[in-house]
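Here is the structure we will look at.
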């Protein structure tokens, strides 16, 4: 479905480093078709929840490692959020994180698409923020299961990259694992997220449960 990470951005946010940014053009009609197609397999989903297990490692001073437990909640149309049970002292205030913009179906509201290309079943997009700021550009890759990779490049040379590995639960593609790398001028962070115990409610009123990994 969407991914967590930028849930990589959660990491940055949790450490208090998140930045925002830039603007320009688009093959709007083609991009809109891609976004709509990406959401077609999850269209019958009213809501879902899962457990989240997240490991962080700071590859720069002070070289911290820590583990977070939490839960993910999605509600149609694009309400997507993460709640962490406990966060370190420096992450206070980020116990609840809204991630609606990570849904590809919402990207036309936030980004301008400058180019779109296809390689097999994977579609790559180059995008820019509609509001100019600190983000130089966004690269995203989608396939039939949704978002597979996204990368934010910053004007200061920083980069946030997230890879999504999906699993199909009850016919619905959802993240099984996600890996993020955040490289900013003063910080280098890596993170690994796993999702388990999905509960998915569809228009048929059924609930699917599964433990991913």
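Taken together, the values in this text are just the output of simple stated rules run on the coordinates, not laboratory data. This structure is a prediction, so every number in the text was calculated from the model and none was measured. Every residue, glycine as well, gets a Cβ built from its backbone with ideal geometry; the counts of neighbours run over all protein chains shown.
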TODO: Give the relative contact order (percent, whole number) for segment 91-190; include only Cα pairs under 8 Å separated by 6+ residues.
DONE: 15 percent
Open item on the list: For a quick check: sort 59, 118, 149 by the number of other beta carbons within 10 angstrom, fewest at the front.
Closed with: 118, 59, 149
- [ ] Kindly put 61, 66, 35 in sequence by how many other C-beta atoms sit within 10 Å of each C-beta, fewest to most.
- [x] 61, 66, 35
